[in-house]
Amino acid sequence: MMYNRCGAEIDWVSGPGTTTSTTTTTTTTTTTTTEPETTAAPALNLPNYNDDDFSVSCNADAGTCTITMSDGQVFVGERDISDPDNKMAVFKGIPYVKPPLGERRFKAPELITKYDSPVDATQVDFQIKRFDWSMK
């Protein structure tokens, strides 16, 4: 690719920002296409709740439902008020990775596979923090 303003050509081998002077040459290029290497994803020790035994209890006064999985993990959600049969519960904002704070900042996410206490999944509370620059 030639730049009209400076007469320089992009040097695709050295990378962007590197230019060479304009010369005219004729070359023959042979291209060989190979499949990219694929690596298997690392094995994760994630719980499989697809066919899990669990128990559910609902509190009509509070509008919440609690589900306890067979491994003891507890999630608290809310009853779906749009369901006319009152048979559905909604679980919102369950974190699946640890927050990227402190030593975890700018590193690969760390999965949460076991919660130490019941998870409150009645509302989504993970929001982007904003700063109002007009206050300065």
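Go through the range 13-114 and tell me which strands (runs of 3 or more DSSP E), entirely inside it, have 1 or more residues that are in contact with a Ser or Thr (Cβ under 8 Å, 6 or more places away or on another chain) and either at pLDDT below 85 or open to solvent by 70 Å² or more (accessible area, probe 1.4 Å) (or both). Walk me through it before giving the result.
On the way: elements: 54-59, 64-69, 74-79.
Fully inside the range 13-114 and qualifying: 54-59.
Could you tell me whether the range 121-129 includes any residue that is modelled with pLDDT of 90 or more and surrounded by 12 or more Cβ atoms within 10 Å (Cβ to Cβ)? Please lay out each step first, then the result.
Step one: filter the range 121-129 for residues modelled with pLDDT of 90 or more, giving 121-122.
If we keep only those that are surrounded by 12 or more Cβ atoms within 10 Å (Cβ to Cβ) too, we end up with 121-122.
Within the range 121-129, one or more residues are modelled with pLDDT of 90 or more and surrounded by 12 or more Cβ atoms within 10 Å (Cβ to Cβ).
The values are calculated or read from the model by the stated rules, or taken from the named source; none is laboratory data. A quick note: this is a predicted structure, and the numbers were derived from the prediction, not measured. Please note: Cβ atoms are built from the backbone with ideal geometry, for glycine as well, and neighbour counts cover all protein chains shown. Surface areas here come from the heavy atoms of the whole protein model, side chains and all, with no ligands, DNA or RNA. Shrake-Rupley method; radii C 1.70, N 1.55, O 1.52, S 1.80 Å.
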